[in-house]
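Enquirer: I have a structure I would like to understand better, so I am pasting it below and will then ask my questions one at a time.
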Amino acid sequence: MKITEIYIKNYRQYKDTEYIFRDTKDLGIYSFIGQNGMGKTNLLNAITWCLYEKENYLGDKNKALPITNLSACKELNPKDKLEVLVKIKVVDSQFGNDYIFERKSMYVIDNQNKPFKSDSKFQTYWKESTKKIFEVYDGEAAQNILRKCFPENVSEYFFFDGEQLHQYFNHQNAERIKSTILEINQINHLENMAVRLEQFKKANNKSITNIDIQKVNDEIEKLEESIKNDIKVKDEIERQIEENKQNIISISESLKGIEDVSNIEKKREGCKMKIEQLDAEELELKKNLREFILQYGKLIYFFPQIKELINVIKEKESKNMLPPKIDKSLLEKVLVETECPICYSHVTEENVLKIKEILNKIEVSSNVSHKLVQYKPVLEMFIKELKKFKKKHESFNSKRSKIFKDRNEILDEIDIIDKKLSIIDNKDKVKEKQNNRAILEKLKDDNIGKVSILKHNIEKAKNELELKTKEFNRLLEKEEQFKKIQTTNEFIEKSVKILNKSKGELIDEIRKEIENTTQKLFFDLIWKKNTFKNVEVTKDFNIKLYHLDGFECLGSASAAERAALALSFTLALHKIANLKTPLVIDTPLSRVSDENRVNFAKIIESLSKDKQVILLFTPAEYSEDIQGILDPINSAKVLLNTKQENETFMREVNNC
């Protein structure tokens, strides 16, 4: 994509301005140079207003001047109308299609000579390379074309303010980046196909008339909906956690900038990292302790009965009652038959009395006695295992006590640090920031706990869903008429797995390429070569920066380093994620200095071969070293000047 022309009418200090971009072999670099207040940022605002009806780069929107050109307003009478118009012509350099994006707003002048908007219209004109006439679109059709060319949800990555580059790291941006990559690279089609297949499967299952099967299917749908809702809540809380982390980093960074606080703040960050590590250790310990208690719980509960039973067995063994030496059933048989089955002699009355006396003395039946003999080694094994409980439990308590002690020592250290910070200059300001940080940290920790519970609930629901799905399939197998539905469901499930796996692999491949390119560009940009280890782009497309010692250090990086990283990520995003939009940067070098400026200019030079780059410089930014690099390669160099301080015009100059 290349902007070929911009026409601005009655928009802020641009009363009637047109600039036609030179037709060059490469997409080119266009350097606009002007003092602060000349309209550099409003040139960028004019573009975003035309495309999105938003002025994203105003300082304070509530206190800004009217959008209309003041000189034009003064020339009108009350009730006169004034047209504000911005038109941007674009050519698709790959396919040769032409686009025109036009926003027009009508303003009416009131009795105080102030404008108020009466009407607004946005239109898109499109022409294929093989045609001569433009087709005109408005409404949703115009918005669809706009989204394909300039997707608004990541517009800050092709229209941005260099002074704000260091603030680009937040979770909301990461989510928008991921969704845009899915859309631009058409990976979202895989997701849409999976959703449609799942919907077809649900509709298919609804056609089943068997009451038992339908009941299970209803339970499956409830579980799926529960999992979906929990995941949605979990994702939102995780977004809040990331947002809190970024705000904590921002506060910590501002505290580092205060005199005598930097080293203390670094120590505090180290303490917080140790606390997080201890929290992770405690979480793992609690998990292991739960498993340990489950293992020994039953043994502990039945220990008195086990001990008593072993004592009974031992007592009977000492009295030679186990195993029994008298066969009770044999004696009972003798009483019935009145004849000894061994010697076949007749049993006298005296014998009968003796036998009865013996039977009365038998306290434990033969079966029970044998069972007791069998149980004895098992019961003794239980007792032996229980003897280990105390030692193992003491080990858990010892580890927990150490974690508790270490945490208290670290918290004491943090408390000392906070007390030191509270007595420095600007105490109220620092205290306010500390309180805000403490609130954010508490909120973050609470949310981490909520996420842990949600993850547990999701996992539990998934296990239940798996069981219900198996039950559903078993019921289908029993019914011959539903076998076709089962076959269809199995095909859908396999297809959805393949689609989701393919989507994951594609997005991960793009993520890794963005990560590698970001790291390379970042290391090319900065002068420090022995400070940073690597850049990581997480699966959620958040950015992390690591120190050579392995610590995450984005929060302690300087504003210039964060800006360099943001710029590197932006350039990588354009290159790898197939963003075809031009790159427009206002004050690109405001937070870049010294050698980094030259490195930046060299990267822009290489980038311009595949992408149009529009840079809005102050004269101080466009220094001699930058001129030495950009002047020979600029497609155009444009100076912004003012007429009576209320109207800006453009003048193209030679690169010399």
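Enquirer: Quick one: Karplus J couplings for the stretch 543-558, per residue in order, coefficients 6.51, -1.76, 1.60, θ = phi - 60°, nearest Hz, x for Gly and Pro?
Expert: Couplings: 10, 10, 10, 10, 6, 4, 7, x, 7, 6, 9, 4, x, 9, 5, 5 Hz.
Enquirer: With Cα extents along the principal axes in Å defined as stated, name the option among (1) 85, 69, 40; (2) 143, 73, 52; (3) 74, 54, 53 computed from the structure displayed.
Expert: Matching the structure shown: (2).
Enquirer: Something else now. Can you order the peptides 70-76, 534-540, 344-350 by their average number of other Cβ atoms within 10 Å per residue, highest first?
Expert: The most tightly packed comes first, giving 534-540, 70-76, 344-350.
Enquirer: Over 26 Å between C-alpha atoms is what I'm after, so list which of 63/637; 148/202; 245/512 land there.
Expert: Going by Cα-Cα distance, 63/637; 148/202 fall outside the 26 Å limit.
Enquirer: In the structure shown, do any of 286/376; 232/544; 274/419; 54/79 have a Cα-Cα gap over 28 Å, and if so which? Kindly include the intermediate steps, with their values, before the conclusion.
Expert: Working: 286/376 34 Å; 232/544 24 Å; 274/419 20 Å; 54/79 26 Å.
Those over the limit are 286/376.
Enquirer: Could you look at the chain and say what percent of its accessible area is carbon and sulfur, using a 1.4 Å probe and all protein chains?
Expert: The computed percentage sits at 51.
Enquirer: Could I ask something else about it? So what is the relative contact order for the chain, in percent, with contacts set as C-alpha pairs under 8 Å and at least six apart?
Expert: With pairs under 8 Å counted, the relative contact order is 25 percent.
Enquirer: Determine the calculated [θ] at 222 nm for the chain from helices alone, applying -39500 (n - 2.57) to every DSSP H run no shorter than 4 residues and normalising by the residue count; nearest 500 deg cm²/dmol.
Expert: -20000 deg cm²/dmol
Enquirer: Considering only DSSP beta bridges with both partners in the chain, what is the antiparallel share in %, to the nearest 5?
Expert: 75
Enquirer: Relative to the Cα centre, what is the charge dipole magnitude of the chain, using +1 at the beta carbon of each Lys and Arg, -1 at the beta carbon of each Asp and Glu, and rounding to the nearest 20 debye? Don't jump to the answer; show the numbers that get you there.
Expert: Values: 113 positive and 109 negative charges, 205 e Å.
Result for the chain is approximately 980 debye, rounded to the nearest 20.
Enquirer: Turning to a different aspect of this structure: Which of the helices in the chain meet the span-like rule: DSSP H, Cα axial reach of 24 Å or more, Kyte-Doolittle mean at least 0.5?
Expert: 559-576
Enquirer: How about residue 61: which aspartates and glutamates have a C-alpha closer than 15 Å to its C-alpha, ignoring those fewer than 8 places off in the same chain?
Expert: The reachable aspartates and glutamates, counting only those whose Cα sits under 15 Å from residue 61, are 53.
Enquirer: I would also like to ask the following. Going down the table (2/132; 228/460; 272/433; 444/575; 266/533), which pairs top 25 Å between alpha carbons?
Expert: Pairs exceeding 25 Å: 444/575.
Enquirer: May I pose another question? Sort 465-474, 286-295, 39-48 by the packing proxy (mean of other Cβ within 10 Å over each peptide's residues), most packed first. Intermediate values should be presented prior to the final figure.
Expert: Values: 465-474: 14.7, 286-295: 12.1, 39-48: 23.8.
Per-residue mean Cβ counts within 10 Å order the peptides as 39-48, 465-474, 286-295.
Enquirer: Right, another one. What accessible area per residue comes out for the chain, rounded to a whole number of Å², with a 1.4 Å probe?
Expert: About 57 Å² of surface per residue is accessible.
The values are calculated or read from the model by the stated rules, or taken from the named source; none is laboratory data. Source: prediction; values computed, not measured. Note: ideal-geometry Cβ built from the backbone for every residue, glycine included; neighbour counts use all protein chains shown. Only protein heavy atoms, including side chains, enter the accessible area calculation; ligands, DNA and RNA are left aside. Shrake-Rupley method; radii C 1.70, N 1.55, O 1.52, S 1.80 Å.
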